[in-house]
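The values are calculated or read from the model by the stated rules, or taken from the named source; none is laboratory data. Being a predicted model, the structure only gives us computed values, none of them experimental. Heads up, the Cβs are rebuilt from the backbone with ideal geometry, glycines too, and the neighbour counts pull from every protein chain shown. Ligands, DNA and RNA are excluded from the accessible area calculation, which covers all protein heavy atoms including side chains. Shrake-Rupley method; radii C 1.70, N 1.55, O 1.52, S 1.80 Å.
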Amino acid sequence: MRLFFLILLLINSPLFSQKKDGRHLHIHFKVNNTFGELTNLIVREVYQDGSKDTVLVEKANHSIDIPVNRHVLLEFVCPGHVTKRVAFNTDVPLALHKIPFFDLVVELIELDFLNSLKNKDELKTLMDFPIGYIKFDVASNNWYNSQLAFTKTINKLIKKSLK
């Protein structure tokens, strides 16, 4: 009987059990188009391991939580609009207990507007890629978009098409 309890104690000890990291990145996002805030859209979370989670968002302001130390692609899908994607690398130091939140504003482009532009094929190709790649910067203890130059390039191409 003592052997049974000893085995049970060893199995439940920290050496044999994996502690699940309960930390997460809290993302507050707002989705707009040229006419204002969008509602009734889908946000799809695509994880690096292939798992997916889909959230129906009824309000323009919404929040989601993503586990830390994961690579996640968020897709913002709304009928009549071009889908936009933002990639997140939520790797953070183990010693960081209070994870800063991230504010995200997504501007979706209407398909009718995109189809009216001269360089629509070039823009559609660019839009297949994530417009942002959000990573944690240990030095500033905050999140940053490492694809900011790419996002600016897309915006310049759209403005150029309007001239």
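Looking at D128, D137, D121, which one is touching a strand residue (DSSP E or B) at 6+ places or on another chain (Cβ under 7 Å) and open to solvent by 40 Å² or more (accessible area, probe 1.4 Å)? Let's see the steps before the verdict.
Values: D128 fails: touching a strand residue (DSSP E or B) at 6+ places or on another chain (Cβ under 7 Å); D121 fails: touching a strand residue (DSSP E or B) at 6+ places or on another chain (Cβ under 7 Å).
So the residue among D128, D137, D121 that is touching a strand residue (DSSP E or B) at 6+ places or on another chain (Cβ under 7 Å) and open to solvent by 40 Å² or more (accessible area, probe 1.4 Å) is D137.
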Problem - Identity of the residue in the stretch 140-162, over 19 Å from the mean Cα position of the chain (by Cα) and of a type in the set (A, V, I, L, M, F, W, C), that ends up surrounded by the fewest Cβ atoms within 10 Å (Cβ to Cβ) - result: L162
Handout entry: Residue match in the stretch 51-59 (condition: at pLDDT below 90, assigned to a strand (DSSP E or B), among the hydrophobic types (A, V, I, L, M, F, W, C) and open to solvent by 80 Å² or more (accessible area, probe 1.4 Å))
Key = yes
Practice task
Mind listing whichever residues of the stretch 51-94 are in contact with a Phe, Trp or Tyr (Cβ under 6 Å, 6 or more places away or on another chain) and among the small types (G, A, S)?
Solution key: A87
Handout entry: Condition broken by V106, with the remaining ones in (1) in contact (Cβ under 8 Å) with a residue 12 or more places away in the chain; (2) open to solvent by 70 Å² or more (accessible area, probe 1.4 Å) satisfied
Key = (2)
